[in-house]
Each structure stands twice: as C-alpha cells, then as structure tokens.
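Novice: Starting off with a structure, shown below.
The values are calculated or read from the model by the stated rules, or taken from the named source; none is laboratory data. Given the structure is predicted, the values throughout are model-derived calculations rather than measurements. Every residue, glycine among them, receives a Cβ derived from its backbone with ideal geometry; neighbour counts consider all protein chains shown. Note: accessible area is taken over every heavy atom of the protein model, side chains too, but ligands, DNA and RNA are not part of it. Shrake-Rupley method; radii C 1.70, N 1.55, O 1.52, S 1.80 Å.
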Amino acid sequence: MRASQFLLKTKKDDPAEAEIVSHRLMLRSGMIKKVAAGLYSWLPVGLRVFRKVESIVRDEMNKSGAMELLMPTAQPSDLWEESGRWNEFGPELMRFQDRHQRDFCLGPTHEEVITDIVRNEISSYKQLPVNLYQINTKFRDERRPRFGVIRTREFCMKDAYSFHSDEACLANTYQTMHDTYSNIFKRFGLKFRAVIADTGSIGGNSSHEFMVLAESGEDAIAFSDSSDYAANLEKAISLTEKPNDSSKETEKSSSVIATPNIKTIDQLTNFLKIDVQKTIKTLVVKNITNDKETFYALVLRGDHQLNEVKTKNHLKISGDLQFASDDEIKTLLGCHSGSIGPINLDVNLIIDTAAQNVKNFVCGANEDDKHIINANWSEVSNFETADIRNVLEGDLSPDGKGKIQIKRGIEVGHIFQLGTKYSESMRAKILDENGKDKLMHMGCYGIGIGRIVAAAIEQNNDEKGIIWPDSLAPFLVVIVPINLHKSELVRKTSEDLYNALQNSGYDTLLMDQENKRLGSMLADVELIGIPHIVVIGERDLNDGYIEYKQRLSSESRRIKLEETIKYIADEVQIIK
RNA sequence: CGGGGCGUAGCGCAGCCUGGUAGCGCACUACACUGGGGGUGUAGUGGUCGCAGGUUCAAAUCCUGCCGUCCCGACCA
C-alpha cells in the first residue's frame, strides 16, 4: 500500500474522551472513529488489524473441524419466547418492531437461531457432533459502554455452537475448543490465561474465560503461584484457612459495650484498638420471589469482601443482588446498618466459612451505638455456612498447591458447556442408536474480535505508540524513503524494494508522500506500530546499504540492499 | 439507575465570572524556503458557540428545560 493513496491520518493531541491507553492510541492512530456512545467505525488502518484477528480465528476454527455459517443480526421474538429469554433478558436486549408491529431484537448472541437451524437440519445421532460458527455483529445495549472498543454496544464476535448426543462428547469438543483458543492467543502473541468462570445469564454448567492480562482489565483473576489453578475472582474458591493460633484460643464470655457513633469496621478497630480479623460484619440483602420478600443476613470477617456472584449462586438469585435499604434494616432489626451482628438476629443467617473460624470476635449488638465483644458462634444457632467472600492475595490455592495471586485481565474469550438448556426449551432432539428421542447437548464458544485488537494494544505499547506483534500488524513492513522527490536513486530503490516485498507476500507500506519529512514519517510509523521499518537514504545507499530497525528496539542496523528481503524474512515471527 | 464534569472549526482548548465585532494551537489549501526525528515564513479555507424556550436594546456569556458525551459509583455496614 502506498501512503499517498491510503487514508491514514494521525493526531498529535490525545483525544479528550479517551482514558485508557488502547483507546487513546486507536483514536490517535486513526484506527477507529466514534459514531455514538459504544458505536465505532473501523477506519482502514484499524480494519486491517481487525481482519488479521478475524483470519487467525477463522483459520484455527476451521482447523478444529468447525464449519462457518452466517446468521442474521435481527431476530424474531418468537424464537426468544420459545427459549424463555425474551422475558429473562433485561434492557440489554435491544428490542424493536418492524412495519407490521412484529417484535424483533438485535441478537446479543445466537443460541436461539442456531438451535432452530440444527433442530431442523439434524435428526440423527449419526450427524453429530457438529460445531458451527460465525463471525458476526452483535448488539447489547450496555448500561455503560466504555474503554473504546473494549465495551461497546455493537461489536463483532466469533461465536461457535456445538451439538452432541451426550455429555462426554460435549466435554470432548469443549476441550478441543479450549485448545483451539489457546492456539489462537498464542498466535496473537498475547499473554493470557484460561480461568474458571461463572456462567452468568447464558446459563449452563462448566465455563472458562480467556483473559488477556492487562492492568486496565475489568476483571480480577486469581491464580495459584505454583499450580494450574486459575479462576475469575467472582468464582475463585476461598479455602477455609488452616487452624491457626486462634483455634487454641479459649472462648471467653461475651459482653455488650457502648460504641457511640461507631458505624464502620475502620472506626471500630480504631476505637477498640483491635485486629480487624477479630471483627465480624453483617450485611443484609433481600430476595423477592413471587412478590414475597425474604431477607438474608450475610456475615463476613471484617477484612473480607462480599462476593456477589457466589452469594447469588448460593441463594439461587437471578438478577442483581439487592441490598436492604436503611429504612428496611431499621424496620426489620430496630437498629441502623452499622450496628448489625449475628447474635440474636432473627433473619436467615449465612456465615462465611472464614468468619466462622473466628473466636472471641467483635460484632454489632443489633442496637445502635452498641457492639458485642468476645462473641462466639456457640451463641448462635440456626445458620448456614457458605463461601461468600472474595479470595485475597496470599490465600491458599483451592487445589492445595501454592498461594493465590491476583491480576487483572480483559475477557477476550468465553467457552461454555450449556448442556440441554436450549435443546430442552426449544425441543432440539435427535434419534439415538436405539431409535429413541434424545435431547442434544450443547456448547457455545465466543471470542470478541474488536476487543482483542484493544487488548493487544493494552499489552504492547510505549510512549511513542503501539507495538504490534507481527501476526496482528496492519502492515508488517514500512519503507521510509528520505528525500524521495530529490533523489532518483532513493525513489527507484524504494519502489523496487516495495514491489519485491509485496511480491514476497509481506504487507508493506511505502511512505511515498513527497512533502513529509523523516521525523514526521517516523512518528506516524511508530504511533501506528509497524514492526519492521526500512529507512532508505542516499547516504547509505551510495555504499549499497539500507537501514533496518524494529519498532520494538531503538537500535538500527545497516543491511546490504540486496539482502533486505532475506533479512526481514529471518526477523519476522509469525506462528502458523 | 445515582453523583460529578464537559459540550465553542476535523482534533485539542481559551473566551462565560463582569452580556456588546468568535479566538488560539494542531490539521487543511496556495506559494516560497527547508530537507536524517512531528520544520519556517507569508497568505488563506473552515463555526446555526449541543437543542429549545426565557430575560435583555443586545446572549457563546445570565435563567429554565431537554439532549449528547465522559468519568466515578451502583458490596465493604
């Protein structure tokens, strides 16, 4: 591609709207342009990267034996009513009517449509398993789009759906997809981890998320420093700590003390000069089913944080966890939120496993401005114990090997074993070898295409701009001629090298804009992040040399002109 | 959904407090010079000041409403 014929406009100033580095660099390098909140156009440079991501994903999917198809973005409500998700889905589902006032939605995902296809096309166990995928636009009306293309409303996703006659076969394909995804992210050259994940609104059993490690990531992931264990923080199991000194502690007898205006754990530990691990806090949540409100008191050690996902799963609550309001707490318990405690509390009690290990603790007395000291669980009857807290760095790994570390990541892929959730509601059946009806087992596997572009930038950038890995770069090589318009030798050499590189199959950009100076060309090239840079100037050319440098390093090397292509070929690193 | 910020040329911003000719930098156009790290000069192009209403002789500026957009929050009792 010739720069003179390519839409390539960079900006010096950081755009005001962008916060995180990938968003800033994508806007500055002219990869994307915002159309509205959470809606972006991909400009030519950006689209080149986008297509590379797509083609690697497609290649690996095809290698795995999956078949590509294409489904519509707009979907009739009938299918969604059949699966039950027309009502289950919240405002994220973009609903609209056509000219005949028929209900439609923009697909946030395609389980319904694919299940409809497969139940019609496939009727025998002999046709299974199949794995069908598409690379297509999705729409989710996010409550808060942010971080550029990382969380948008309209986005492109590769989504695959597999169908099986039994669970074992599903597990097999699930593992194949796990391996396929690992290959994909290796080919991108990204640091990633596959973590155990919550299934959320998609439903189903087993699930892994593929996380690209980045400080700006929206998710926290917990993993062992000495084993394979890795899980989303939402899902990471907290081990009940090994008995320590406190287990030998003898139980004292409790007493109520005055704690005027003490409402938070911080105030409490300062006031009593005690260790935060000796405090217990109590949160009240409510669940509404069939118009009936049920309150639950959740009990945690003072330094621990509630894990909403674990709590919701334990209480079998779908939708958001609702906290009781101050008024509700006052009415229900007769005290304010800062004074609640598990002793003599007439609410369903759920005690976190770690909290249960504490002896002689301090907790609220269910009376304003009063706390109980030296309280013990022997004083409480009728409670459940559950793991409802977030793991902390340094906790024991649940597999017993090593300690937990916590890092942030961007979710770029997610695989699920759905089981029969959709085949049941949509009656997707086959005949088995005995001629009997049987529900198909289903898996689904997503990868965010645009999100990977942003995640790759989050992981690969410096003060000058983006540093693309070879596999994703919009151009693999760029030729930067000095005084193109003045030197016939420079012009001819640049053109010849450009043609030769193109013919050798390397995506090459020729900076042939006559009025551009070296500094401005290099600044653009570095901002855009082209990995291999060839500078051609008369000075070196008179000795038969060009100058080669990599985006990644500041060092430049003099290379014999005739060896240029071979040299670049040796430097390029693309995993096939 | 709650709180806060911002909306003035393609981008980044000033002007608003104290009402009176709409400005600066980048980008863009033309010409000249320059030519190994975002060059210099001269001359230019480009704006319903987010929208609607109100106050006023007069509104980018003051008031009201709406819209858009960004950030934080939506567990930590």
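Novice: Taking a virtual spin label 7 Å from the Cα of A:LEU70 along the C-beta vector, which residues in segment A:133-170 bring their backbone nitrogen under 13 Å of it?
Specialist: A:134-137
Novice: As a test, work out the antiparallel percent of DSSP beta bridges whose residues both lie in segment A:475-571, rounded to the nearest 5.
Specialist: 55 percent
Novice: Oh, and also: Return the equivalent ellipsoid semi-axes of segment A:283-325 as a descending list in whole Å, where each equals the square root of 5 times an eigenvalue of the C-alpha gyration tensor.
Specialist: Sorted largest first and rounded, they come to 19, 12, 8 Å.
Novice: A follow-up question, please. Explain nothing, just the number: relative contact order of segment A:452-522, from Cα pairs under 8 Å at least 6 residues apart, as a whole percent.
Specialist: In percent, rounded to a whole number, it is 31.
Novice: Under 24 Å from the Cα of A:LYS158, which lysines turn up, not counting those fewer than eight places away in the same chain?
Specialist: The qualifying lysines are A:LYS33, A:LYS34, A:LYS52, A:LYS63, A:LYS138, A:LYS186, A:LYS191, A:LYS421, A:LYS576.
Novice: Could you please put A:SER226, A:SER216 in sequence from largest to smallest accessible area, using a 1.4 Å probe?
Specialist: Largest accessible area first, the residues go A:SER226, A:SER216.
Novice: Please work out how much length the chain gains when fully extended from A:ASN205 to A:SER124, using 0.36 nm per residue of separation minus the C-alpha to C-alpha distance, in nm with one decimal.
Specialist: On the way: separation 81, 0.36 × 81 = 29.16 nm, distance 2.46 nm.
Going from the current span to full extension adds 26.7 nm.
Novice: OK, next. Rounded to whole Å and sorted largest first, list the principal axis extents of the Cα atoms in segment A:245-386.
Specialist: Taking max minus min along each principal axis of the Cα atoms, segment A:245-386 gives 44, 31, 25 Å.
Novice: How many nm is it between the label spots at A:PHE271 and A:ASN374, if each spot is 7 Å from the Cα in line with the beta carbon?
Specialist: Between A:PHE271 and A:ASN374, the simple spin-label model gives 1.9 nm.
Novice: Can you tell me, using C-alpha contacts under 8 Å and at least 6 residues apart, the relative contact order of chain A as a whole percent?
Specialist: 17 percent
Novice: Quick one: work out the % antiparallel among DSSP beta bridges in segment A:245-386, nearest 5.
Specialist: 70 percent
Novice: By its C-alpha gyration tensor, with a ≥ b ≥ c as the square roots of the eigenvalues, how is segment A:475-571 shaped: rounded for a/c under 1.5, else prolate for a/b larger than b/c, else oblate?
Specialist: Note, shape of segment A:475-571 comes out rounded.
Novice: Once you order the gyration tensor axes a ≥ b ≥ c over the Cα atoms, which shape class does segment A:1-76 get: rounded for a/c under 1.5, otherwise prolate or oblate by comparing a/b with b/c?
Specialist: Cα axes put segment A:1-76 in the prolate bin.
Novice: I would also like to ask the following. Determine the share of segment A:389-453's accessible area contributed by carbon and sulfur atoms, expressed in whole percent, with a 1.4 angstrom probe.
Specialist: Details: 1140 of 2590 Å².
The C+S portion of the solvent-accessible surface of segment A:389-453 is 44 percent.
Novice: Now, a different point. To the nearest 0.05, how large is the calculated FRET efficiency for A:THR385 and A:SER55 if R₀ is 56 Å and r is the Cβ-Cβ distance?
Specialist: 0.65
Novice: Within segment A:475-571, what whole-number % of the accessible surface is contributed by carbon and sulfur, with the 1.4 Å probe and all protein chains included in the calculation?
Specialist: Of all accessible area on segment A:475-571, carbon and sulfur atoms account for 45 percent.
Novice: For chain A, report the accessible area per residue in Å² (1.4 Å probe, heavy atoms, rounded to an integer).
Specialist: 47 Å²
Novice: If I stretch the segment between A:GLN305 and A:ASP320 completely, what's the gain in nm (0.36 nm per residue apart, minus their alpha carbon distance), one decimal?
Specialist: Contour length minus the Cα-Cα distance gives 3.7 nm.
Novice: So, counting K/R as plus one and D/E as minus one, what does the shell of residues with Cβ under 13 Å around A:ARG143 add up to?
Specialist: Computed value for this residue: +1.
Novice: Of all alpha-carbon pairs in chain A, indicate the percentage at a distance above 39 angstrom.
Specialist: Tail fraction, whole percent: 45.
Novice: Still on this structure, I have one more. Give, in nm to one decimal, the length gained when the segment between A:ASN344 and A:THR10 is fully stretched (0.36 nm per residue of separation minus the Cα-Cα distance).
Specialist: Separation in residues times 0.36 nm, less the Cα-Cα distance, equals 113.6 nm.
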